[in-house]
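The block underneath contains the structure these notes are about, expressed in structure tokens.
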Amino acid sequence: MPGVAGRPYASLWRRTAAFLIDELLVKTLFYAVLVFPLIMATGSVAVPDFDDPVTLLPQFFLGYGYDWIFWAQGWTPGGRLLRLRVVAADGKAPVA
């Protein structure tokens, strides 16, 4: 089945795998940027409450910032790893 610009659409499984890779990277960034420095600063190894706005807002901004930065270019690291690309109807990168 041809997709945009004569290229086939990616399967559901490849898109799901790319999504999971991207989510793993976002969670890794979240822990590297917020959780580990918080643990080092307080000396506590207690897992933060993820319903708390102090941890929810940075997670929100990291997630949407990650998507905004990469989707504006037409790819994410997970998509690139699986050779996926988001394109507009004319075959070029989408306009942010």
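Each reported figure results from applying straightforward, stated rules to the coordinates on display, with no laboratory input. Just so it is clear, the model here is predicted, and its values are computed rather than measured. All Cβ positions, even for glycine, are placed from backbone atoms using ideal geometry, and neighbour counts span all protein chains on display.
Taking Cα centre as origin and charging only the Cβ of basic (Lys, Arg, +1) and acidic (Asp, Glu, -1) residues, the dipole magnitude of segment 8-81 rounds to 380 debye. Counted by Cβ distance under 12 Å from Y66, the other residues give a net charge of -2, where Lys and Arg count +1 and Asp and Glu count -1. Calculated on the alpha-carbon coordinates, the convex hull of segment 8-81 measures out at 103 cubic angstrom per residue.
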